[in-house]
1. Show me the helices (runs of 4 or more DSSP H) entirely contained within region 146-249 in which 2 or more residues are under 30 Å from Arg62 (Cβ atoms) and touching a strand residue (DSSP E or B) at 6+ places or on another chain (Cβ under 9 Å).
2. Name every residue in region 251-296 that is among the acidic types (Asp, Glu) and either modelled with pLDDT of 95 or more or surrounded by 15 or more Cβ atoms within 10 Å (Cβ to Cβ) (or both), in order of residue number.
3. When you scan region 205-212, do you find a residue that is in contact (Cβ under 8 Å) with a residue 60 or more places away in the chain and out of contact with any His (no Cβ under 6 Å at 6 or more places or on another chain), even just one?
4. What number of residues in region 42-76 are over 22 Å from Gly233 (Cβ atoms) and out of contact with any helix residue (DSSP H, G or I) (no Cβ under 9 Å at 6 or more places or on another chain)?
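The values are calculated or read from the model by the stated rules, or taken from the named source; none is laboratory data. Remember, predicted model here, so these are calculated numbers, not experimental data. Neighbour counts are summed over all protein chains in view; Cβ atoms, including those assigned to glycine, are modelled from backbone coordinates with ideal geometry.
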Amino acid sequence: MSDQAQKLRNLIRQREGAATPLSEAAPQSNARIITVTSGKGGVGKSNFTLNFALCLLERGYRTLIIDADIGFANIDVLMGITAQTNLLHLIKGEKTISELVQTGPGGIQFIAGGSGMFDLLRLTDEETASFTNQIEELCGMADFILFDTGAGLSKETQQFIAAAQETIVVTTPEPTAITDAYALIKMVRNEDPDVTFRLVVNRATSTREAKATADKIRMVARRFLDIEIASIGHVEDDHLVSRAVKEQTPFIIAYPHSAAARSMKVLVDQFLGQPSKADLGGGMKKFLKRLIGRTH
């Protein structure tokens, strides 16, 4: 009963525009760790991640974004925030994990990555032990941890995808985006057959176009990779998305009744209705072991 009451209080606070800080939230089971990626840049991956996270937050889920785009981190820019800290401060022992968590519009909480993500993949044993102890605390503080990875077929992106086990691939109806999305799935599949992929079609002009785009990727993956990829929906092409980006405000907040916002909310409901690997256990500790190759 107390756990249900806590969730209800959290939900009320969020609807009033004040999300529960992760550091104050009651510890719960392992967080659901998800990477968001794309086969190429320019498909709106980071913007999708941000607004997707905000929709999860609206539904009462404690959600944290970790910007894992090495060299092109921009989650903070999309919110009009200048990040003062990032994971590099944690790796160097200058900040604790709770000090890295920053709050953006709508109460969404995030950790800036930047160059710190590159250093993360090259830690010494001693640094790994310290980092692991710190970041494991996040699992008791969030229901969802979203890693916004870099676009394309880099080794670093592949490591994050394989570590998380659950990946959302964002594409658009453009032929190059479709080809690159499949190439990414194929590359990861060849290295790690256990990764679960979910497809999102961004900037679709209609439900019909979105379905046709997703079906192309799903059909080829089924035929040549022998895997079934679930589609969790699409985000409609909407000029208000570009306007929100220029205003440095998430479109879910700036234009909550826009076509893009409505389709995003439907997408999130579909996502939540699909089965996940969250119940397999392991959480952040397993993620770090797979990512870095060792934990203590």
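1. Here the list reads 155-164, 175-191, 207-220.
2. Matches in region 251-296: Asp269 only.
3. no
4. Summing the residues that are over 22 Å from Gly233 (Cβ atoms) and out of contact with any helix residue (DSSP H, G or I) (no Cβ under 9 Å at 6 or more places or on another chain) in region 42-76 gives 1.
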